[in-house]
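Before any comments, here is the structure.
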Amino acid sequence: MVEEEQKYEVDDTFVLPDLSAVAPAGGRVRSLPSVTLVARYLDTVDLRLARAGASLRHRRGDELPWTVKLPTGTPGVRHEVSRPGPKGQPPPELVELVTALHRGAPLAPVTVVRTVRHAHEVCDRAGTVLAEVVDDRVTVLDDAGTTTGGFRELEVELKAGDRELLDRAGAVLREAGARGGSFVPKHVRALGAAAQAEPDLVGPAGLPSDPSAGDVVTEAVRKEVRRLLAHDPLVRLRAPAAGGDTAVHQMRVACRRLRSDLRTFKPLVRRSWARPLRDELRWIAGVLGAARDAEVLRERLRRTAGADPLSPLDPAAVDRLDEALAARQRVAHTAIDEALRSPRYLALVDALVLAARAPRLTGRAAKPAARALPKLVARPWRRLSGPGGVDGLDPSSPDERWHAVRKQGKQARYAVNAVSPAVDTAARKLSRALAGVQDVLGEHQDAAVAAETWLELAAERPDDHELAVTAGRLAERERESVRRMRARFPAAWHRATRRRRTRWLP
């Protein structure tokens, strides 16, 4: 689940105001009996979880006492996952969820937080809880139970309400004298300055006004490493990514883009550093690939089957095809689970964190970006536009040939994306145009693969005649999509090759 909340600092003299103004018309505020919560937080000795904005805790009295909270990139919004388990043994599943943060370092208790909580539920007319406002008096304890500090804070957590209600509650509390509205978790306040130090994973920070080529490399590496590791726990949970995408897809894209960037920037990075990293990224991207392929095919199956309501397909046969794809997906997810639990993946995570902190650059990386980078992008662009790419492509070329151009196009687009923040604005225009080219080539490839898959699945059940007919009709629709994409491609390519978009390339 996703938790969204805001915190406010208050002192012992603060008086909680009347919260009825927070409730909607006809609603009410319901006060609950006070409770005492005792939470023991686990972390590495150097507080890797806390510094990254995450936590792993055991809280006495909860139905599911073990909880992991993970940052989402939005202050005050976290992923929250709870599981049962005895006090001294964190569930392995939760420990795995923070693999990208602890990176194999031992987890042990680092602080105990005792909270006396007075909660107030903001309800609508029907009694639905929209938000919870809590007044927490916190005592910080060491492992022996000795008090080492304390503070008081207010917390407003959204339940069924919206962001406007959260802001309205904050306004009422600030008017009464509460301070803040920012978000600092209790255990971070309890642990002090060490828990608020910089995280191990260095994220992108933006380019300076006159960047070097090395600045651009560093920014690109940090961006994709952050994307990859942020989706690690979501892949383990089978949870969706932001924007309706899947976590498997986002993690795989990060692997591919980072591999592509290391290839594009080859003269700027040390080969002995980049080559092993690219090899390991290829490995994990391959593991993710089977699950991603099943995702795409399952989504496409329903879309293709329903594309012509006037010529419906046998729904039972479509369901049987989906069941076969679901079985492939389960096998693929099992392979992902095994890979993410392996020492090999743990070593890759360590290498990625180090790569984001300090990519190993060559002397050429010190050159100004505007002078050095266009030459590097020109290489994948020439491969794409030359005789081995689009120049040698025609409507009758086999699917494999179109797929090869698609891969070249992806490499060129990733290269343009990586350098566009530091180069002429024409680079951004080229990037957008190449996205259109990739949309056409991507649909072409998906349709071609799907057509083969439907027939392949039907061939596995030779006695299922309804399935054979349905698969054949699906394949016909996919091949029609292939033909449409081939017809659309020249116009998309013409837009990408206009001089105003390519003038910056040498």
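The values are calculated or read from the model by the stated rules, or taken from the named source; none is laboratory data. Since we're looking at a predicted model, the values are computed, not measured. Every residue, glycine among them, receives a Cβ derived from its backbone with ideal geometry; neighbour counts consider all protein chains shown. Note: areas computed on protein heavy atoms with side chains; ligands, DNA, RNA excluded. Shrake-Rupley method; radii C 1.70, N 1.55, O 1.52, S 1.80 Å.
Probe of 1.4 angstrom, ligands and nucleic acids ignored: what's the accessible area per residue over segment 185-287, in square angstrom? Present the calculation step by step, with values, prior to reporting the outcome.
Values: 4420 Å² over 103 residues.
Heavy-atom accessible area per residue stands at 43 Å².
Dipole size in debye (nearest 20) for segment 447-506 around its Cα centre, Lys and Arg Cβ +1, Asp and Glu Cβ -1? Write down the numbers at each step before the final one.
Details: 14 positive and 9 negative charges, 276 e Å.
Charge dipole, segment 447-506, about its Cα centre: 1320 debye, nearest 20.
Where the only charges are on Cβ atoms (+1 Lys, Arg; -1 Asp, Glu), what is the dipole of segment 366-486 about its Cα centre, to the nearest 20 debye?
1360 debye
What is the Cα centroid distance between segment 14-47 and segment 87-146, reported in whole angstrom?
After rounding, the separation between the Cα centres reads 12 Å.
Compare the Cα positions of P65, V140, A193 along the charge dipole of the chain (+1 at Cβ of Lys, Arg; -1 at Cβ of Asp, Glu; about the Cα centre) and return the one farthest towards the positive end.
Towards the positive end, the residue furthest out is A193.
Give the whole-number value, in cubic angstrom per residue, of the convex hull volume spanned by the C-alpha atoms of segment 293-366.
Numbers: hull volume 10.0 nm³, N = 74.
For segment 293-366, the hull spanned by Cα atoms encloses 135 Å³ per residue.
To the nearest 10 square angstrom, how much accessible area does R51 have with a 1.4 angstrom probe?
40 Å²
Would you be so kind as to identify which of V405, A448, G243 lies farthest towards the positive end of the dipole of the chain, taking Lys and Arg as +1 and Asp and Glu as -1 on Cβ and the Cα centre as origin?
Projecting each Cα onto the dipole axis, the largest value belongs to V405.
Any idea what the dipole of the chain comes to, in debye rounded to 20, about its Cα centre with Lys/Arg Cβ at +1 and Asp/Glu Cβ at -1?
2960 debye
Hey, what does the equivalent ellipsoid look like for segment 1-47, semi-axes from the Cα gyration tensor as sqrt of 5 times each eigenvalue, largest first, whole Å? Before the final figure, lay out each step's value.
Numbers: eigenvalues 187, 55, 35 Å².
Result for segment 1-47: semi-axes of 31, 17, 13 Å.
On the accessible surface of the chain, probed at 1.4 Å, how many percent belong to carbon and sulfur atoms? Don't skip to the answer; put the middle values down first.
Numbers: 12230 of 23690 Å².
The computed percentage sits at 52.
Tell me, what is the per residue accessible area of segment 295-403 in Å², probe radius 1.4 Å?
Details: 5720 Å² over 109 residues.
Solvent-accessible surface per residue comes out at 52 Å².
Eight or more residues apart or on different chains, and alpha-carbon atoms under 27 Å: count the Lys pairs in the chain matching that.
Within the chain, the lysine pair count is 28.
How much accessible area does K159 have with a 1.4 Å probe, in Å² rounded to the nearest 10?
100 Å²
Output the peptides 257-266, 292-301 sorted from most to least packed, where packing is the average of other Cβ atoms within 10 Å over each peptide's residues. Each step should come with its number before you reach the end.
On the way: 257-266: 22.4, 292-301: 18.9.
Put in order of decreasing packing, that is 257-266, 292-301.
Please work out whether segment 325-372 counts as rounded, prolate or oblate from its C-alpha gyration tensor, where a ≥ b ≥ c are the square roots of the eigenvalues and a/c under 1.5 means rounded, while otherwise a/b larger than b/c means prolate and anything else oblate?
Working: a/c = 6.28, a/b = 2.40, b/c = 2.62.
Oblate, since a/c reaches 1.5 and b/c is not below a/b.
Just from its helices, what would the mean residue ellipticity at 222 nm be for the chain, if runs of 4 or more DSSP H residues each count -39500 (n - 2.57) and the sum is divided by every residue, rounded to the nearest 500 deg cm²/dmol?
-17500 deg cm²/dmol
With N set to the number of residues, divide the alpha-carbon radius of gyration of the chain by 2.2 N^0.38 Å and report two decimals.
Numbers: Rg = 27.1 Å, N = 506, 2.2 N^0.38 = 23.4 Å.
Normalised by 2.2 N^0.38 Å, the Cα Rg of the chain equals 1.15.
Let me cross-check T36: its accessible surface, 1.4 Å probe, with only protein heavy atoms counted, in Å² to the nearest 10?
Around 80 Å² of this residue is reachable by solvent.
Sort out for me the Cα centre separation of segment 405-437 from segment 225-252, rounded to whole Å.
23 Å
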